[in-house]
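The values are calculated or read from the model by the stated rules, or taken from the named source; none is laboratory data. Every value quoted in this text rests on a predicted model; they were computed, and no experiment measured them. Cβ atoms come from the backbone with ideal geometry, glycine included; neighbour counts cover every protein chain shown. Note: accessible area is taken over every heavy atom of the protein model, side chains too, but ligands, DNA and RNA are not part of it. Shrake-Rupley method; radii C 1.70, N 1.55, O 1.52, S 1.80 Å.
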Amino acid sequence: MSSSLCVRRLSLAPSDVSAHTSMATRSLLAYSCNASFSTSSAQLAQNLQKKSKAALPPQRGTKNSVTLKRKTPARDVGKRPAPGERKALRKRIVLSNINAFEVPGLRDLHTTNMHADSVKGRVMGLPGTVVDSLRAVEAFKTTQGWNLFRRPAILMRRESAQIAEFIQEVEAAQGKKTIRRIIIGDRASGKSTLVLQALTMAFLKEWVVINLPDAKEIIIGHTEYAPMPGSNRTQYTQNVYTANLLSQIAKANTAVLSKLQLTTKPDLPITVPPNATLVKLAELGAATPEYSWPIFRALWDELTQPNRPPIIFAIDGLGHIMRDSAYLSTNFKPIHAHDLTIVRHFIDHLSGAAALPNGGIVLAATTGSNNPSSPALDFSIQVAEARAKGMNSLPTWNPYKSADQRSLDSLKNVEMLRLNGLSKEEARTIMEYYAASGMLRRTVDNNFVSDQWTLSGGGNIGELERGTVKLRI
Amino acid sequence: MKGGELSRSLRRAITSLGGLSTSQTNPRIRVARRTFRPVASTSFSTTSIRRSELVSQPSGDSIAAPPIEFDEEESQSDDAVLKKLRVVPASPSYFSAKPDFTDNFIYLQSLVRKYATLPVVPPGHAPRVAWKTVAQFRLVVNEPIKSAKYHRIIELLHRLNHIHPALMPAEVTEALEKYKRDINPHDNKAKPGVIDEFGRAKGIGRRKTSSAIAWVVEGEGEVLINGKTLSQIFGRLHDRESAVWALKATQRLDKYNVWALVKGGGVTGQAEALTLAVAKALLVHEPLLKPALRRAPIDAAQLRTSLFDDLTAFGCIWPGRETKAGPRAPKGGLMPPPQFETHLRQHRSGCCPLRTALFLHYYLPIAYYNRLLLLERALGGRWADAGARTRAKPEPEPEPEPTPQQQRVERDEKMAR
């Protein structure tokens with residue numbers, strides 16, 4: 001180390017150290033030159049560096065920076081979307097296409113023709129009132145092709161007729177029968193649409209319709225949750241979600257619920273006027289989210305009183321509630337989806353633990369495109385299908401896999417409704433409907449129908465629509 | 001030169017010739033005879049390897065002059081004899097640049113000439129032979145043969161091969177044998193497919209690293225690939241169409257069921273391996289579909305994706321022109337409508353489907369269209385063939401009136417004759 005550097009270092013040392021020269025000389029190396037407590041030093045240093053760089057002659061082969069004008073950074077003048085605008089756009093349901101033709105001779109579905117043989121395998125329009133109700137319960141999905149046609153219409157396929165039969169059976173049994181089904185099938189095979197068809201028929205029959213439009217929304221942790229006081233195994237209520245559900249129920253079932261009045265005195269934290277209609281009760285719950293769960297329970301109790309209409313209770317995306325949710329308990333353990341009150345309520349009815357005293361249908365559709373891994377559900381489907389086929393040896397659970405026992409137990413006694421592809425006649429009907437709507441500009445002949453039927457994987461209706469209407473080349 | 005000197009030199013030459021003639025009759029030296037025999041095994045390369053071969057081989061059949069055998073007792077007078085000798089090589093082509101090739105060529109020519117009168121089979125009916133490639137032939141003769149030269153040999157071989165098999169001389173058979181490849185690929189005949197007792201026909205197809213086995217049975221158009229439906233295994237509609245293309249193009253999609261196993265490679269490769277497998281299995285059921293399958297019109301959508309890269313590479317399409325809605329027309333502008341109409345009519349009238357489809361879908365200006373023709377030729381295969389076969393011939397232009405200058409030239413030629 002040169003002597004001049006030593007002196008400079010010495011000058012940087014604190015005064016008390018430099019006072020004792022012997023000490024200072026020993027600890028010289030301990031002081032670094034840039035030891036400073038100012039936060040501005042880094043900025044200053046940068047500025048110094050820049051200056052020194054600019055002072056250098058321009059580099060060979062590079063453009064002279066003096067001649068270049070520095071661009072001013074582009075000002076962001078774009079208008080930001082308002083809060084929620086993007087989500088609204090994403091979730092927007094378009095049910096009409098004014099460029100599509102109105103299909104001549106398209107009849108509406110009614111209570112009278114619902115079970116008739118004449119509508120089997122035909123395309124039927126949805127009545128306007130039902131469309132409003134279906135929109136209220138979010139039965140239409142953005143992924144479905146409603147926006148391609150003039151007005152919403154459905155194909156009464158074989159499985160739709162089966163649902164119509166279920167409704168007939170429930171009505172015939174005078175409230176003694178609850179039908180529980182899980183709708184399974186390939187991706188885009190029409191599972192959600194079948195739920196929609198079931199809801200449509202229930203609306204037409206003036207049942208009470210309760211629909212959980214997407215199970216994923218319940219468990220991904222996007223709505224607030226709170227432990228329910230007094231629950232033994234801690235249950236969690238989702239107040240905002242339940243309030244929203246109550247408002248949907250009130251909006252969609254106004255016609256039915258406005259005719260029904262309170263018959264019991266529900267024990268609620270807020271006062272409910274006596275002889276209030278059930279719509280009022282639901283609206284009260286929607287308006288006060290903090291009491292939405294007790295009000296939902298009260299509404300349910302009212303609906304299960306004698307001489308009430310049957311209930312259809314449906315969910316889409318069953319796999320999501322057959323696993324842990326994204327919520328955490330106070331112990332930072334994931335909460336099982338079945339510990340959420342609304343899910344628990346649905347699962348009790350799906351598994352048959354709780355009955356519908358006035359009868360009804362409990363429907364759950366699995367999802368193909370947004371399929372969460374739920375080994376319990378997959379296994380239960382295998383078992384149920386093997387049982388339905390009357391096989392002697394049922395599949396057994398792989399003992400090396402950790403089992404979600406609650407999910408397995410809840411699905412033990414549920415039957416499956418498998419959605420197969422359309423038959424060729426049904427495919428032809430729906431393609432003729434596409435052509436009549438002006439969305440398929442081809443002659444619908446046998447050859448074309450069978451080609452498209454094969455290419456859509458044996459009449460998968462979503463693929464059929466994709467191949468004939470959406471992917472026109 | 002004076003006359004006396006000329007006569008003197010003539011005389012001297014005659015005497016020297018007389019001396020030579022006596023020495024040439026000497027029985028110790030074999031007389032070299034001119035021969036057409038092809039001599040392939042020897043060569044005159046200066047490389048060490050060839051030289052060593054030459055040393056090891058008994059050089060009995062050389063095109064060079066035979067070795068002179070000197071007797072022991074006459075060694076005294078050899079110097080005198082050698083002074084009189086002129087060494088003559090066995091083959092006259094010894095002095096050419098490519099002696100072996102020349103010998104072979106001359107020999108084949110002589111064969112053609114010799115058997116020119118023998119009956120021949122009609123063109124295309126001769127037994128299929130794979131001749132040696134020029135590279136293989138070069139290895140045999142070890143001479144730098146150009147392919148154009150070798151092609152002349154191939155032409156001769158082709159002519160000889162067309163001699164009627166019943167009358168084929170042994171000499172020709174032997175000569176042809178030398179030019180055939182060791183293994184004749186045309187001898188490998190594909191085993192004809194069979195329909196088994198369950199009515200299944202099997203076909204195997206490969207594409208890139210995928211391989212597919214397809215069983216085709218009569219049915220209603222159901223397809224199961226690896227136990228999955230067509231829509232489950234192929235997300236893209238294009239791949240689904242590829243997989244069953246043979247059935248779709250022949251309008252038999254509702255008449256057969258397909259059960260297939262496919263493995264290896266990627267999704268598109270698997271789909272295209274299935275194309276071939278299904279087509280082969282279908283041909284077992286209906287062999288007469290072969291020409292229909294060969295000229296199967298290529299789908300526009302299929303074109304757009306599978307040939308897109310090729311076209312881009314060729315410069316027909318600029319990269320980035322493909323949009324979500326489909327390919328856009330080039331920036332240079334569209335073809336003027338009347339011209340486009342005429343071209344379209346021509347190509348509708350029976351051109352190859354590739355060109356028509358591309359023409360419609362890319363709406364190519366004429367410059368790009370010409371490039372496309374070149375591409376098609378480069379691609380070879382069925383589209384080029386189909387185009388060549390069915391292309392509508394343009395009307396021959398009326399010959400222009402000969403100019404006075406041309407008339408004069410013609411008259412002069414007539415006079416000369």
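Past 21 Å, Cα to Cα: identify those pairs from A:K191/B:K263; A:K191/A:K401; A:K251/A:K280, in the order given.
Pairs exceeding the cut-off: A:K191/B:K263; A:K191/A:K401.
Would you jot down the residues in the range A:182-210 that end up with at least 10 Å² less accessible area in the complete protein assembly than in the chain alone, with a 1.4 Å probe?
Residues of the range A:182-210 that lose at least 10 Å² of accessible area once the other chains are added: A:D186.
Just to confirm, what accessible area per residue do you get for the range A:424-470 at 1.4 Å probe, in whole Å²?
Heavy-atom SASA per residue in the range A:424-470 reads 35 Å².
Pop a pseudo-label 7 angstrom from the Cα along the beta-carbon direction at both A:T111 and A:E224 and give the gap in nm to one decimal.
Placing both labels 7 Å along Cα→Cβ, they lie 4.1 nm apart.
State, as an integer percentage, the relative contact order of chain A based on alpha-carbon contacts under 8 Å between residues 6 or more apart.
Over chain A, the number comes to 17 percent.
Explain nothing, just the number: dipole magnitude of the range A:424-470 about its Cα centre with +1 on each Lys and Arg Cβ and -1 on each Asp and Glu Cβ, in debye rounded to the nearest 20.
Dipole magnitude for the range A:424-470 comes out near 180 debye.
Over the range B:99-186, with every protein chain in place, what whole percent of the accessible area is carbon and sulfur at 1.4 Å, could you tell me?
It is 60 percent, rounded to a whole number.
Only four residue types carry charge here, +1 at the Cβ of Lys and Arg and -1 at the Cβ of Asp and Glu. Report the dipole size of chain A about the Cα centre in Debye, rounded to the nearest 20.
In total the dipole reaches around 2720 debye.
Would you mind checking A:K470/B:K255; A:K91/A:K259; B:K98/B:K180; A:K412/B:K255; B:K146/B:K414; A:K176/A:K333 for any pair whose Cα atoms are more than 30 angstrom apart?
A:K91/A:K259; A:K412/B:K255; B:K146/B:K414; A:K176/A:K333
Sort B:H285, B:H158 by accessible area with a 1.4 Å probe, largest first.
Ranked from most to least accessible, the order is B:H158, B:H285.
Quick one: 3J(HN,Hα) in Hz for the range B:224-236, Karplus 6.51/-1.76/1.60 with θ = phi - 60°, rounded, Gly and Pro as x.
10, 10, 6, x, 10, 6, 4, 6, 6, 8, 10, x, 7
Would you calculate the separation in nanometres between label points at A:T142 and B:L139, each defined as 7 Å from the Cα along the Cα-to-beta-carbon direction?
Placing both labels 7 Å along Cα→Cβ, they lie 6.6 nm apart.
Give me the distance in nm between label points sitting 7 Å out from Cα along the Cα-to-Cβ direction at B:E220 and B:D78, one decimal.
The two pseudo-label positions are separated by 9.9 nm.
Which of rounded, prolate, oblate describes chain A, given a ≥ b ≥ c as roots of the alpha-carbon gyration tensor eigenvalues and a/c under 1.5 marking rounded, otherwise prolate only if a/b is larger than b/c?
Judged from the Cα gyration tensor, chain A comes out prolate (a/c at least 1.5, a/b above b/c).
Just to check I understand the Karplus step: with θ = phi - 60° and J = 6.51 cos²θ - 1.76 cosθ + 1.60, what whole-Hz values come out for the range B:193-198, glycine and proline as x?
Listing the rounded values in order: x, 10, 9, 7, 5, 8 Hz.
In Å², and per residue, what accessible area does the range B:201-294 have when probed at 1.4 Å with the other protein chains present?
44
For the charge dipole of the range B:201-294, defined by +1 on Lys and Arg C-beta atoms and -1 on Asp and Glu C-beta atoms about the Cα centroid, which residue among B:V217, B:G203, B:Q232 has the Cα displaced farthest towards the positive pole?
B:G203
For A:I335, enumerate residues with amide H under 5 Å from its amide H, sequence gap 5+ or separate chain, H modeled in the peptide plane.
For A:I335, the qualifying residues are A:S325, A:Y327, A:L328, A:S329.
Work out the FRET efficiency for A:N446 and A:N371 from their Cβ-Cβ distance, taking R0 = 41 Å, and round it to the nearest 0.05.
Working from the Cβ atoms, E equals 0.70.
Using a 1.4 Å probe on the protein chains only, how many percent of the accessible area of chain A belongs to carbon and sulfur?
Result for chain A: 52 percent of the exposed heavy-atom area is carbon or sulfur.
Provide the per-residue ³J(HN,Hα) series for the range B:282-295, in order, calculated from phi with Karplus coefficients 6.51, -1.76, 1.60 and θ = phi - 60°, each as a whole number of Hz, with x at glycine and proline positions.
For the range B:282-295, the Karplus curve yields 5, 5, 5, 5, 9, x, 6, 7, 4, x, 5, 6, 5, 9 Hz.
Stretch A:L394-A:V77 to full length: gain in nm at 0.36 nm per residue minus the Cα-Cα span?
107.6 nm
Could you tell me what % of all Cα pairs in the range A:300-345 have separations over 13 Å?
66
Check which residues have an amide H placed less than 5 Å from A:I183's amide H, if you skip close sequence neighbours.
A:A364, A:A365, A:T366, A:L417
What is the distance in Å between the Cα centres of the range A:332-406 and the range B:171-244?
So the separation of the two Cα centres works out to 45 Å.
To the nearest 10 degrees, how steep is helix A:40-55 against the longest Cα principal axis of chain A, on a 0 to 90 scale?
Approximately 70 degrees, to the nearest ten.
Find the sum over both chains of the accessible area lost when B and A are paired, probe 1.4 Å, and report it in Å² to the nearest 100.
Between B and A, the summed buried area is about 1500 Å².
Can you tell me the 0 to 90 degree angle between the C-alpha axis of helix A:158-172 and the longest principal axis of chain A, rounded to 10?
Taking Cα atoms only, the helix is inclined about 60 degrees.
In degrees, nearest 10, range 0 to 90: what is the angle between the Cα axis of helix A:239-252 and the longest Cα principal axis of chain A?
It works out to around 40 degrees.
Would you work out which of A:T330, A:G175, A:N211 lies farthest towards the positive end of the dipole of the range A:120-419, given +1 charges on the beta-carbon of Lys and Arg and -1 on that of Asp and Glu, about the Cα centre?
Farthest towards the positive end: A:G175.
Find the relative contact order for the range B:99-186 and round it to a whole percent, using C-alpha pairs within less than 8 Å whose residues are 6+ positions apart.
Once divided by the residue count of the range B:99-186, the mean separation gives 46 percent.
Roughly how many whole Å is it from the C-alpha centroid of the range A:190-251 to that of the range A:441-473?
Centre-to-centre (Cα) distance: 35 Å.
Looking at the square roots a ≥ b ≥ c of the eigenvalues of the Cα gyration tensor of the range A:233-382, which shape do they give, rounded for a/c under 1.5, prolate if a/b is larger than b/c, or oblate?
Prolate shape, in that a/c is at least 1.5 and a/b is the bigger ratio.
For the range A:120-419, what is the accessible area per residue in Å² when the probe is 1.4 Å?
Accessible area per residue: 43 Å².
With the Cα gyration tensor of the range B:84-149 giving a ≥ b ≥ c as the square roots of its eigenvalues, does the rule (a/c under 1.5 for rounded; else a/b larger than b/c for prolate; else oblate) give rounded, prolate or oblate?
Here the range B:84-149 falls in the oblate category.
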